[in-house]
1. Sort out which residues of the stretch 259-280 are at pLDDT below 95 and not in a strand (DSSP E or B), and write them in order of number.
2. If we scan the stretch 375-395, do we find a residue that is among the polar types (S, T, N, Q) and either modelled with pLDDT under 95 or over 28 Å from Gly331 (Cβ atoms) (or both)?
3. Kindly evaluate Val201 against the criterion of being in contact (Cβ under 8 Å) with a residue 24 or more places away in the chain, surrounded by 19 or more Cβ atoms within 10 Å (Cβ to Cβ), closer than 21 Å to Lys259 by Cα and in contact with a Leu (Cβ under 8 Å, 6 or more places away or on another chain).
4. Could you pull out the residue among Thr283, Thr252, Thr308 that is touching a strand residue (DSSP E or B) at 6+ places or on another chain (Cβ under 6 Å) and within 24 Å of Tyr189 (Cα to Cα)?
5. What is the number of the single condition among (1) more than 26 Å from the chain's Cα centre (by Cα); (2) modelled with pLDDT under 95 that Asp499 does not meet?
6. Tally the residues that are farther than 24 Å from Asp656 by Cα and touching a helix residue (DSSP H, G or I) at 6+ places or on another chain (Cβ under 8 Å), restricting the search to the stretch 126-180.
7. For the stretch 573-609, how many residues are assigned to a loop (DSSP other than H, G, I, E, B) and surrounded by fewer than 19 Cβ atoms within 10 Å (Cβ to Cβ)?
8. In the stretch 281-298, how many are at pLDDT below 95 and part of a loop (DSSP other than H, G, I, E, B)?
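The values are calculated or read from the model by the stated rules, or taken from the named source; none is laboratory data. This one's a predicted model, so the numbers in the text were calculated from it and none came from an experiment. Using ideal geometry, Cβ is built from the backbone for each residue, glycine included, and neighbour counts are taken over all protein chains shown.
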Amino acid sequence: MADNFATRSGGVARAKRRCDWGIKMCHSSRRSTLSSSACLAAMIGLITLTASAQTPKKESVWDKIKKAGQQGAAQGQQPQQQPQPGQQPAQRQDGRGRPSPQNQSQVNDSGPFKPPAGTKIEEKIMAPMQERAQFEVSPYGVHVATTENAGSRAVVYYDGEVGPKFDEIITQSTGTGTHVSFSPDGEHYAYCARAGDQYVVMVDGKELARSSEANSGRFDGESCHLGFTSNSKHVFWTSRVLIDTQRGKNFTRFWFDGKPSPTGSAGGVSFSPDGDHYAYILTISDPYHQDRYALVIDGKLAPYLAGTPQWSGDSKHLYTQQQQHVATENGTVTDLLLDGKPIARAFSFQLYVAPVGDMTVAIATGGSRSAPMTFLAVNGRRVPGTEIGAPGGFDQVVFSPDGKHYAALCRRNQTKLLIVDGKKQTEYQEIQHVKFTTDSSKVVYSAMANNKSFVVVGDQESDAYAFQSLASDPLLAPVGNRVGALVQGENNSQILYIDGKTIRPGLKGISQLRFTSDGTHYAYVALDSGNGTRLVVDGVPQAASSFGPTNLAIYAKYSLSPDSKHVAHFGYPPQTTGDDEHGLFLDGKYTPINHGMNTNFLTFNPDSKHLAWFQAVPSTLQFRIVIDGKPVAQTEALSTLGINNGAIKWFEFQPDGTLFVLGQDDNSLKRIAITPSSETSLATMLGGSALAANH
């Protein structure tokens, strides 16, 4: 205490001397240009700076997590293997090795419950339950389309609203068993149905088009194959028309927003990135003439003929390729066209289009027929110094996320190298996993040379690793330019590469390397010999974390909150309990759950204030929805019959924080909307108040 007081006293004395110095400066010379108000502001700023320097930095959640891991390791608290059959159950102990009461602070998951005050729960009937009914769920929003029978007819229920009756709801494609197509944003749906000798296209519950064109008199997935454009604003489909085997009576028609293409086979359809434009090649056949071809752009015949349509990243321009016959030894050449106008000529082009902007990079073949060479062309202009003769060439072109940079993978006789923005990089025997950092500032890849493997970021190589295999596909932080990768070392050891630094954790079986959404922290799962599997945060093993024995590592999963402040997973207690206890690891602490082994789908809500999971109720077909450790609702689990092989999005937090969950009872399929109580939060689970949820 004396030392602390002396330190504080010294700080105050220094501050006083600085303040006295400031006052003297303010009153010294009349020639001073410093105004009295400015001087006062400077003194206030000086005092504030001095005071803030004495204020200790607030400990973040991640600091606490890492400190807990370090303290646990120092105390010898290690994750324990669960007892084998025949072993006597060990007495449960707390974190300091003392006996602890059974089921202390356990989450209630089997007895009667009442949702916390303020929890709002609403149920919506999505469709009556019918034997062999098939339901499909949208990619977002938990919208449900159910195909059922209405007497002898077929109908589609969408979010509880029944559609018109048809003779048949057409299966979209062979093998998948799907009937309904959803838009990418999940807000629109479409399906095809048969009404007598016609097929009908329904979009958002309304008829868009109908046609009697059929595939040999049948209506199947080839008769009406549906899709939505990337912006979810337009619906398109192809219909296979087979009248007979005679030329001109066998073709594929393309439809866009209910408007059919001219008669003929539409192929090579290209959609613009913004979803508002399209182009394709139309092949027109008849029994007595040669095939004719046309380029169709946004439903209209183009005034020029060209193939291989590709839209620019900004959706404003269309690139095509056009063959030309020339009176030289070269014979046929290809012109690269921009909006119908030639911008480059070569034997052939393989065009790559940046995801945004207007950059294109083409792998072009030129030279002569007897001595061809490959080179790069950016926006139609040859890049000097990129020419390479056979058998060399280019295998890949990768763009940065902002569309302003490119990297082309060049293959030589025995080596590979990257050409980045026209500049050659270092040669290696092998190069894989080429990409750019999220902020587009650096190229990243895995490489191998002289029996050593490397991770390369920009022009910086990592340490040389003993070559067992190339480094894993580098992991990029969601923002910024952080990079991580796993490298297999000697004797099955694993090496972690993070931001130019080599870390040898001394653990094996490292997996699930992830960055937080803000890129400031990283975590992974690791095998600790003799101590099972546990979570490692920023390089610090978490003693309170246990995924169980090493043979269960493949099932280990953990969740990071959207705000990058929390981490959680289900697992075993840090110390052996002798029973089947499972629990929750949250921000460095373990909490037991009665039947935690039946838990799943651990999910943070969008604002990171709440944590939800699903928990099976023992000896029933029911499951409970648990939020912040409190059960809030219970329903029967969905039957897996006809659920797209069980892979559906049957629960989801909405942007406003409402949780949608699908369930069922004896009579109906239903969607439960749950708004969490303001009385519970992550903070209350950690022993604080609900108001401190985003600590």
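1. Ser261, Pro262, Thr263, Gly264, listed by residue number.
2. no
3. yes
4. Answer to the check: Thr252.
5. Of everything listed in (1) more than 26 Å from the chain's Cα centre (by Cα); (2) modelled with pLDDT under 95, Asp499 misses just condition (1).
6. 3
7. First pass over the stretch 573-609, keeping only residues assigned to a loop (DSSP other than H, G, I, E, B): 573-581, 587-588, 594-595, 605-609.
Now restrict to residues that are surrounded by fewer than 19 Cβ atoms within 10 Å (Cβ to Cβ): 578-580, 594-595, 606-607.
Of the residues in that region, 7 qualify.
8. Within the stretch 281-298, residues that are at pLDDT below 95 and part of a loop (DSSP other than H, G, I, E, B) number 2.
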